[in-house]
Amino acid sequence: MLWIRWLTNKAILKVSDLKGGCVQCGQCCHDPKFTVKLSPMEADYARNYGIEVFEDDGVEYIQFIVKAVCKHLGFKDGKAFCRIHDTRNQLCRDYPFPNTVLKEGCGFRR
């Protein structure tokens, strides 16, 4: 788990090329998929631990899915909401990340 926490900290960047915005669909709170860019040293380290490293146009990265539904996700009148919105973690505050796989129904688009 520490490995994933370390990697997710590296992924926290804002994306300026996204259009749209949150439509309170709640998709980001269900099995989010992350893509994390790696330095050459980090890519070697990941490979040594058996983690599949992808490469696109000279950039190495890994992808992982967190198989879970956030326990703080709620629904009211057909809209998703976070029960701890004011104190949610930084990972949620910074969503979506670069190369986030946007799910159908999400209000963000590239």
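The values are calculated or read from the model by the stated rules, or taken from the named source; none is laboratory data. Bear in mind that the values here come from a model prediction, so they are computed numbers and not experimental data. Reconstructed Cβ throughout: ideal geometry from the backbone, glycine too, with neighbour counts over all protein chains shown.
Scanning the range 78-103 for residues that are touching a residue at least 40 places away in the same chain (Cβ under 8 Å), outside any helix (DSSP H, G or I) and not aliphatic (A, V, I, L, M) yields Lys79, Phe81, Cys82, Asp94, Tyr95, Pro96, Phe97, Pro98, Asn99, Thr100, Lys103.
Take the conditions within 13 Å of Cys28 (Cβ to Cβ) and either in contact with a strand residue (DSSP E or B) (Cβ under 9 Å, 6 or more places away or on another chain) or free of Cβ contacts under 8 Å to residues at least 12 places away in the same chain (or both) and apply them to Val59. Does it pass?
Working: within 13 Å of Cys28 (Cβ to Cβ): no; either in contact with a strand residue (DSSP E or B) (Cβ under 9 Å, 6 or more places away or on another chain) or free of Cβ contacts under 8 Å to residues at least 12 places away in the same chain (or both): yes.
No: the conditions fail for Val59.
Scanning the range 47-72 for residues that are more than 23 Å from Arg109 (Cα to Cα), surrounded by 14 or more Cβ atoms within 10 Å (Cβ to Cβ) and not hydrophobic (A, V, I, L, M, F, W, C) returns Arg47, Glu60, His72. Selection of the range 26-71 for residues being touching a Leu at 6+ places or on another chain (Cβ under 8 Å) and among the aliphatic types (A, V, I, L, M) yields Val36, Ala46, Val53, Ile62.
Looking across the range 1-46 at every residue that is of a type in the set (Ser, Thr, Tyr) and surrounded by 12 or more Cβ atoms within 10 Å (Cβ to Cβ), the one that is modelled with the highest pLDDT is identified as Tyr45. Evaluating Lys67 against the criteria (1) assigned to a strand (DSSP E or B); (2) within 17 Å of the chain's Cα centre (by Cα) leaves one unmet condition, (1).
Taken over the range 28-44, the criterion of being farther than 17 Å from Asn89 by Cα and either among the small types (Gly, Ala, Ser) or outside any strand (DSSP E or B) (or both) is satisfied by Ser39, Pro40, Met41, Glu42, Ala43, Asp44. Among the criteria (1) part of a loop (DSSP other than H, G, I, E, B); (2) surrounded by 10 or more Cβ atoms within 10 Å (Cβ to Cβ); (3) touching a strand residue (DSSP E or B) at 6+ places or on another chain (Cβ under 8 Å), the one Phe75 does not fulfil is (1).
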